[in-house]
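The values are calculated or read from the model by the stated rules, or taken from the named source; none is laboratory data. Everything numeric in this text was worked out from a predicted model, so none of it was measured. Cβ sites come from the backbone with ideal geometry, for glycine too, and all protein chains shown count toward neighbours.
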Amino acid sequence: MKLQSYLMGEWREGQGEGVPVRDASTGEVLARVTAEGLPVKEAVAWGREVGGRALLALGFQERGRRLRALAQYLSERKEELYRLYATTGGTRRDAWYDVDGGIGVLYTYSSLARNLPEGNLLPEDDFLPLSKDLSFQGRHVLAPKGGITVQINAFNFPVWGLLEKFAPAFLAGVPTLAKPATPTAHVAEALVRMMLESGLLPEGSLQLLVGSVGDLFDALDHRDSVYFTGSKATADRLRRHPAFLERGTLFNAETDSLNAALLGLEAGEEELERLAQEIAQELTIKTGQRCTAIRRVFAPEDRLLPLLEAVRARLEPLRLGDPRAEGVDLGPLASSAQKEEVERAVATLVQGGARVHWRHPGPAEGAFFPPTLLLAEDPGPPALHQVEAFGPVATFFPYRTPEEALRLLRLGGGMLVATLATPDPQEARFYLQGLAGEVGRLHVLNRRNAHASTGHGSPLPRLLHGGPGRAGGGEELGGMLAVRRHLARLAFQADPQTLQALTGEYAKGAEHPARVHPFRKTYEELEVGETLWTHRRTVTEADIALFAHLSWDHFYAHTDEIAARESLFGRRVAHGYFVLSAAAGLFVDPAPGPVLANYGLEGLRFLEPVGAGDTLQARLTVKRKRPRDAKTGVVEWAVEVVNQERKPVATYTVLTLVARKGEGEPA
């Protein structure tokens, strides 16, 4: 059976015999993979045109809702993926990290969409006035580039690897063409079939290519992106393609690196035990086949052997075998070819000065490679910090001083992640400053957080996944960082009316008066820029005294006439929160209506003091809107409070929950 690619709206089979995909435990041929004769260049153009147009018709909010629905759809069908996963050598726990982890990424990015606009433009910062009369303004905005994202995935995470790249691209409105690694392409194909069968993905938003990319890169230009996960050698070769060097295609690489764990000098016995557990887990999950797995371990000279033995004690009871068998903790590597690579790497490390301290007595035939702990009593040889065994192998090094440890850590040439086991903030500060340019994520492990830590090797959707140097220099995940990376940033200059209309956010100078009080309007009826000037209120001595009594805020500037006169105010002034409360009294319409509740307050600034005799007036403007659910939306109101001289005394943003049209009045 040949695996099929999904290109240009059709499932297609490549020509020729193809490369076999084998069961990692039994060696049985499960399928064959080939992309020969497939229209890969045409698929790029088709994805841009058909997929791009369909995605832009949805907007951020709808794309976010579809990601959530897709996550729910896959959750209900994940047992099929679990069953297939066993053929890759993964245990059920391994499948949980890949399948459920990938579905979790979809949920995370769907939740991020709640704070995004309904359209496809994402404003970045405030409007910048470019003329005194505000008729010409500028703003930075992010928008889809009109291209396609090509993802090239590694064999170790056929589900999570595809979904963690797909989710931010889909939310950004950019179509995806996914190319899985051959050894686990059958799992990726099954996943994509599920995703397409859900009916949630617009045509062209997701394509699948199994087999070689062929001449696909020749079709890419400055609008497109390639997100690569794999070896540094492959990444370095791909970077030299004219698509990246000459035509400006974005190349984002996340490559295998020599990630490290370090037991700090200030670590206690509990930190040692917790770190030993972390190292053992990293050698066990996916049989050590994770780009974030711990490859190098550093410990003070006098604590190196205790740490080694603590790790060994946790690995020794593990049972190796076919992951479909009862009680198996650890499966084989993904393929016999992968095992050969690990064997060559271990031989190179031993030749470079390390020795085998302990090796698990489990099976070593076929694609099985037992967990192995290497010890390098001389930590200095550079070769020990340049070779990675991509399997259940870690090398342990001694160090004498923090400065020596930092020098050794840096020999790795860039890491995705490092774990520091210490309870001491000063020790953590030393390594944070020293490793800022060496690692993408620094994970501090100690007695205070170990019970809650998500672990060394688990990238989180809201945090950066990537690293400098050998780790590829890329940025995957990271919440909105990943979404923004799929978009084009441009400076947009126009009149305030045009800016407001296109960004969906209030631009000063584009206000228009409200014909009825805005609090009488439903979410759909409110218009961005709609403005209400309130009636006025003169502040009295009684107001200040009563607010002090009510709030228990008897700060001298409000209650001590003599001290206040000698202060920077020069007189007794009203509480800032009285000004806030007085403004609410001016603009709130008290009768029941579509405005249901105060949802929050942001960006409060008190600009001028207010005293007895000053007269306040407020201006309330619809600043921004976003739907919350089927019944309510969140409306942000720009509030400006001015005095009798029309000088602003306070500015802030109020958020309210507003009923959507047709939902009726609150009970």
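Across the range 1-27, the number of residues qualifying as at pLDDT below 85 and in a loop (DSSP other than H, G, I, E, B) comes to 6. Considering 574, 597, the condition of being within 41 Å of the chain's Cα centre (by Cα) and assigned by TED's automatic domain parsing to the domain that holds residue 645 is satisfied by 597 alone.
The conditions of being among the basic types (Lys, Arg) and either touching a Ser or Thr at 6+ places or on another chain (Cβ under 9 Å) or under 21 Å from residue 125 (Cβ atoms) (or both) are not met by residue 647.
If you go through the range 608-633 and keep only what is surrounded by 13 or more Cβ atoms within 10 Å (Cβ to Cβ) and under 29 Å from residue 557 (Cα atoms), you end up with 608, 609, 610, 611, 612, 614, 615, 616, 617, 618, 619, 620. On inspection, residue 169 qualifies as buried (at least 24 other Cβ atoms within 10 Å of the Cβ), at pLDDT 90 or above and hydrophobic (A, V, I, L, M, F, W, C). All of (1) outside the structural domain of residue 638 (by TED's automatic domain parsing); (2) surrounded by fewer than 19 Cβ atoms within 10 Å (Cβ to Cβ) hold for residue 474 with one exception: (2).
Per-residue answers, yes or no, for (1) within 35 Å of the chain's Cα centre (by Cα); (2) in a loop (DSSP other than H, G, I, E, B); (3) within 17 Å of residue 584 (Cβ to Cβ):
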{"position": "603", "(1), (2), (3)": "yes, no, yes"}
{"position": "619", "(1), (2), (3)": "no, no, yes"}
{"position": "633", "(1), (2), (3)": "yes, no, no"}
{"position": "637", "(1), (2), (3)": "yes, no, yes"}
{"position": "641", "(1), (2), (3)": "no, no, yes"}
{"position": "654", "(1), (2), (3)": "yes, no, yes"}
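Scanning the range 423-468 for residues that are in a loop (DSSP other than H, G, I, E, B), within 24 Å of residue 288 (Cβ to Cβ) and touching a helix residue (DSSP H, G or I) at 6+ places or on another chain (Cβ under 6 Å) yields 438, 450, 456, 457, 461. What's the number of the condition residue 96 fails, among (1) at pLDDT below 90; (2) within 17 Å of residue 479 (Cα to Cα)? Every condition holds for residue 96 apart from (2).
Filtered by the rule that a residue be free of Cβ contacts under 8 Å to residues at least 12 places away in the same chain and either among the aromatic types (Phe, Trp, Tyr) or not in a loop (DSSP other than H, G, I, E, B) (or both), the range 243-252 gives a lone residue, 245.
Scanning the range 102-114 for residues that are surrounded by fewer than 20 Cβ atoms within 10 Å (Cβ to Cβ) and either among the basic types (Lys, Arg) or closer than 16 Å to residue 457 by Cβ (or both) yields 104, 114. Taking each residue of the range 9-32 that is under 19 Å from residue 369 (Cβ atoms) and looking for partners that are surrounded by 14 or more Cβ atoms within 10 Å (Cβ to Cβ) and not charged (D, E, K, R) with beta-carbon atoms closer than 6 Å, six or more apart or interchain, yields 23/30; 23/87; 24/88; 24/89; 24/332; 24/334; 24/367; 25/332.
Of all the residues in the range 538-562, those that are surrounded by 13 or more Cβ atoms within 10 Å (Cβ to Cβ) and part of a helix (DSSP H, G or I) number 10.
For residue 563, state whether it is out of contact with any His (no Cβ under 7 Å at 6 or more places or on another chain) and touching a residue at least 60 places away in the same chain (Cβ under 8 Å). In short, no. In this structure, residue 48 qualifies as of a type in the set (D, E, K, R), in contact (Cβ under 8 Å) with a residue 24 or more places away in the chain and surrounded by 15 or more Cβ atoms within 10 Å (Cβ to Cβ). Does residue 197 satisfy the criteria of being touching a residue at least 60 places away in the same chain (Cβ under 8 Å) and on the phi < 0 side of the Ramachandran plot? So residue 197 does not fit the description; no.
Among the residues examined, residue 582 qualifies as touching a helix residue (DSSP H, G or I) at 6+ places or on another chain (Cβ under 8 Å), among the small types (Gly, Ala, Ser) and not in a strand (DSSP E or B). Pairing each residue of the range 123-150 that is farther than 30 Å from residue 215 by Cα with any residue that is of a type in the set (Val, Ile, Thr), provided the two are 6+ apart or on different chains, yields C-beta distances under 7 Å for 123/141; 123/503; 124/141; 139/503; 141/503. Just checking, how many residues over the range 78-94 are in contact (Cβ under 8 Å) with a residue 24 or more places away in the chain and either assigned to a helix (DSSP H, G or I) or acidic (Asp, Glu) (or both)? Looking only at that region, the number is 11.
Quick check: anything in the range 70-77 touching a residue at least 40 places away in the same chain (Cβ under 8 Å), of a type in the set (Lys, Arg) and more than 30 Å from residue 329 (Cβ to Cβ)? Looking through the range 70-77, none of the residues is touching a residue at least 40 places away in the same chain (Cβ under 8 Å), of a type in the set (Lys, Arg) and more than 30 Å from residue 329 (Cβ to Cβ).
If only residues of the range 623-642 that are of a type in the set (A, V, I, L, M) and without any contact (Cβ under 8 Å) to a residue 40 or more places away in the chain are counted, the one that is nearest to residue 582 (Cα to Cα) is 642. Note on the range 119-156: residues that are surrounded by fewer than 16 Cβ atoms within 10 Å (Cβ to Cβ) and closer than 19 Å to residue 57 by Cα amount to 0. Restricting attention to the range 481-510, the residues that are of a type in the set (Ser, Thr, Tyr) and surrounded by fewer than 21 Cβ atoms within 10 Å (Cβ to Cβ) add up to 1. The set of residues in the range 1-28 that are in contact with a Ser or Thr (Cβ under 6 Å, 6 or more places away or on another chain), surrounded by 19 or more Cβ atoms within 10 Å (Cβ to Cβ) and either among the β-branched types (Val, Ile, Thr) or at positive phi (or both) contains only 18. Consider residue 218 against the criteria (1) part of a helix (DSSP H, G or I); (2) crowded, with 21+ Cβ neighbours inside 10 Å; (3) of a type outside the set (Gly, Ala, Ser): it satisfies all of them except one. Which criterion is unmet? Residue 218 satisfies every listed condition except (2).
A single entry from 534, 522 fulfils the requirement of being polar (S, T, N, Q) and assigned to a strand (DSSP E or B): 534.
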